[in-house]
Amino acid sequence: MHTHPIRINTPLTMSVYLKTLGCRLNEAELERWGQQFRNAGYSIAQTPEQAALVVINTCAVTAMAVRKSRHAIRQLARRNPQARLVVSGCYATLEPTSVAAELGVDLVVSNQDKDQLVERTRHLLAQPSAPVAATEPGSAALFARGRSRAFIKVQDGCRYRCTFCITTVARGDERSRPIRAIIEEINQYTAAGVQEIVLTGVQLAGYGNDQESDLAELLAAILDKTDIPRIRLGSLEPWGWPPRLLDVFANPRVQPHLHLPLQSGSDRILRRMARRCWRDEFSHLAHHIRAVIPEVNLTTDIIVGFPGETAADWQQTLELVEQVEFGHLHIFPFSPRAGTRAADLPDPVSTQTQQTRVAELHALGQRLKRARLSRYLGWTGPVLWEHQPRQGRYWGYTPHYLRVTTPLPVSGIRATQLSTLDASGEFLHAKLLETTPTTEVTVNHARC
Ligand code: SF4
C-alpha cells in the first residue's frame with residue numbers, strides 16, 4: 001500500500017467513481033454501494049479523474065477476468081493517482097495480498113465484508129458522519145437517476161461445489177437478504193424512475209433457504225408491494241426451484257426470459273462438473289417452461305472443452321442446444337482456474353479442438369438467434385428503452401430480452417413495432433408507435 005498526503009473533504013464535496021467487472025451480482029453490489037455513498041453525502045463521479053475515491057468490484061471467474069481486473073486496478077490508479085483506491089470482489093477475495101500490493105490500493109474489502117464496504121471506506125477516509133439532509137428518504141436512489149434498469153442483489157453464496165466454479169470459493173455460504181429490505185430498495189429505484197429490476201444472486205434459485213422463504217414468495221411480495229413495471233430474473237441454476245415458481249410468470253410484469261446455465265449436454269461431462277441437472281432433466285424443464293410461458297426466451301451458458309470432453313460428448317451438447325432453441329449463448333472456452341477441482345482433472349482438450357468447438361457453437365448460436373429474432377418481425381409490444389444513445393443509436397429490450405434499436409431519441413417503456421432484422425443477425429430494428437405503452441406482452445404465441 002502507499003500513503004497519500006492528508007486531504008480534508010467534506011461529505012458533500014467528496015465524489016466517488018464506481019467500476020465493476022464480471023457478473024450481474026457485481027453490478028448489483030456496485031449499485032447498492034452507489035446508493036449507500038449517496039446516503040452518506042457523496043456524489044457519483046462520471047469519470048475517475050473527477051473522483052476523490054475510486055471503488056472497483058473485481059472478478060475472478062476465468063484467468064482472463066483476473067487479468068482484466070488487474071488491468072482495471074492499474075489503469076484507474078494511473079488515471080487518478082490522487083484518488084483513494086478501494087478494491088473488492090472475487091479477485092480481491094481470492095488474492096488479497098497481490099491486490100494490496102498493487103500500487104495505489106488503499107483498502108481491500110473481501111466479499112464477506114462487502115456489506116460494510118462503504119462504512120470501512122469512510123473510516124479509512126476518517127469522514128465525519130453524513131449530514132441529515134443527505135440521508136433523507138429517496139436520496140438513496142439518486143444514483144439510479146437516468147437509468148432505466150437496475151440490478152438488485154437478493155442472495156449471495158452457494159452450497160454447491162461445481163468443479164469449475166471459483167465463485168463458490170470466493171463467495172462462501174448462502175445468505176439471502178430479507179424480503180423487506182429488497183422491497184424497500186426496489187421502491188427507491190421506482191421512485192427514481194427505474195422501470196425494470198433484475199434480481200441477481202450467485203445461486204438465485206436458493207433464495208430464502210436460510211430465511212424460511214423462497215424465490216416464488218419473494219416475487220409474489222415484489223408484485224404485491226412495489227409498482228416496478230418490469231421484473232426480470234438473473235441467471236438461475238436449473239434445479240432446486242421452489243414449487244409454483246413459474247406461476248408468477250402469469251403476471252405480465254414478470255418478464256418472459258430465463259437464463260438457465262446448461263454448461264454441457266453430456267451427462268458424463270455434467271457428472272465431472274458436479275452439476276445437479278442431467279441432460280434429460282434439462283430438456284424436460286425447458287419443455288415444461290415453454291408449455292407454461294409460450295413466449296419465453298431461454299438463454300444459457302456453455303463451457304467448451306471441459307477436461308475429458310470427447311467428440312461424442314460435444315455432439316450431445318450441440319444437439320441439446322439446438323433442441324432447446326436457446327435465444328442466446330454465453331460461450332466460455334474452459335481454462336483451468338487455480339483453486340478449483342476442475343483444474344486438476346485429467347484429459348485436457350487441445351486448444352485447437354477447443355477453438356474448433358467454440359467456432360461451431362458460435363455458428364449454431366447465431367443461427368438460433370437469427371431464427372428467434374425473425375419470429376418477432378412485425379411484433380408489437382412494450383420495449384424498455386435506455387436513456388442514453390450508444391454508437392449514435394438508441395437501444396432497448398423487449399420483455400423477452402430481445403435487443404432492438406432505433407435512430408430516434410426515445411426513453412422509458414414505449415409501444416414499439418419490430419420491423420427488420422439487422423444484417424448482423426444480432427438485433428432488430430424498431431418503429432415507435434403512438435399508442436399508450438402497456439406492460440402487457442402481446443406476442444403472437446403461435447409464432448413463438
Ligand atoms: S451452482 Fe452455480 S454458483 Fe454454485 S457452484 Fe455451481 S456454478 Fe458455482
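Using a 1.4 Å probe over the heavy atoms of the protein chains, calculate the carbon and sulfur portion of the accessible area of the chain as a whole percent.
53 percent
Taking the Cα centre as origin and putting +1 on Lys and Arg beta-carbons and -1 on Asp and Glu beta-carbons, what dipole magnitude results for segment 211-313, to the nearest 20 debye? Kindly include the intermediate steps, with their values, before the conclusion.
Numbers: 12 positive and 14 negative charges, 36 e Å.
Charge dipole of segment 211-313: 180 debye, to the nearest 20.
Normalised by the number of residues in segment 45-114, the mean separation of alpha-carbon contacts (under 8 Å, six or more apart) gives a relative contact order of 33 percent. Rolling a 1.4 Å probe over the heavy atoms of the protein chains gives the chain an accessible area of 43 Å² per residue. The residue among 342, 235, 22 whose Cα reaches farthest toward the positive pole of the charge dipole of the chain, with charges on the beta-carbon of Lys, Arg, Asp and Glu, is 22. Based on Cα contacts under 8 Å between residues 6+ apart, segment 144-375 shows a relative contact order of 17 percent. Highest average first, the peptides 106-118, 405-417 ordered by how many other beta carbon atoms sit within 10 Å of their residues are 106-118, 405-417. Semi-axes of the equivalent ellipsoid of segment 144-375 are 32, 21, 16 Å, computed as sqrt(5λ) over the eigenvalues of the C-alpha gyration tensor in descending order. Here residue 19 and residue 191 are evaluated by their C-beta separation; at R0 = 25 Å the FRET efficiency comes out at 0.45. Gap in Å between the Cα centre of segment 365-379 and the Cα centre of segment 82-120? Here the answer is 43 Å between Cα centres.
Against the criterion of solvent-accessible heavy-atom surface with a 1.4 angstrom probe, 125, 258 sort, most first, into 125, 258.
Ordering of 357-364, 225-232, 89-96, 160-167 by packing is 89-96, 160-167, 225-232, 357-364, highest average first (other Cβ atoms within 10 Å, averaged per residue). When both bridge partners sit in the chain, DSSP labels roughly 35% of those beta bridges antiparallel. For the chain, relative contact order (Cα pairs under 8 Å, six or more residues apart, normalised by length) works out to 11 percent. Dividing the radius of gyration of the alpha carbons in the chain by their Kirkwood radius gives 0.96 for Rg/Rh.
The modelled label-to-label distance between residue 366 and residue 79, using points 7 Å beyond Cα along the C-beta direction, is 3.2 nm.
Residue 287 contributes an accessible area of around 140 Å² to the protein surface, as traced by a 1.4 Å probe with all chains present.
To the nearest 20 Debye, how big is the dipole of the chain about its Cα centre, given +1 on the beta carbon of each Lys and Arg and -1 on that of each Asp and Glu?
1000 debye
Put simply, when 273-279, 153-159 are sorted by average Cβ atoms within 10 angstrom per residue, most first, you get 153-159, 273-279.
Local charge for residue 298 was computed over the other residues whose Cβ lies under 10 Å away, with Lys and Arg +1 and Asp and Glu -1, and equals +1.
The values are calculated or read from the model by the stated rules, or taken from the named source; none is laboratory data. Note that the coordinates shown come from a computational prediction; the quantities given were computed from them, not determined experimentally. Using ideal geometry, Cβ is built from the backbone for each residue, glycine included, and neighbour counts are taken over all protein chains shown. Heads up: the accessible areas ignore ligands, DNA and RNA and are worked out on the full protein's heavy atoms, side chains in. Shrake-Rupley method; radii C 1.70, N 1.55, O 1.52, S 1.80 Å.
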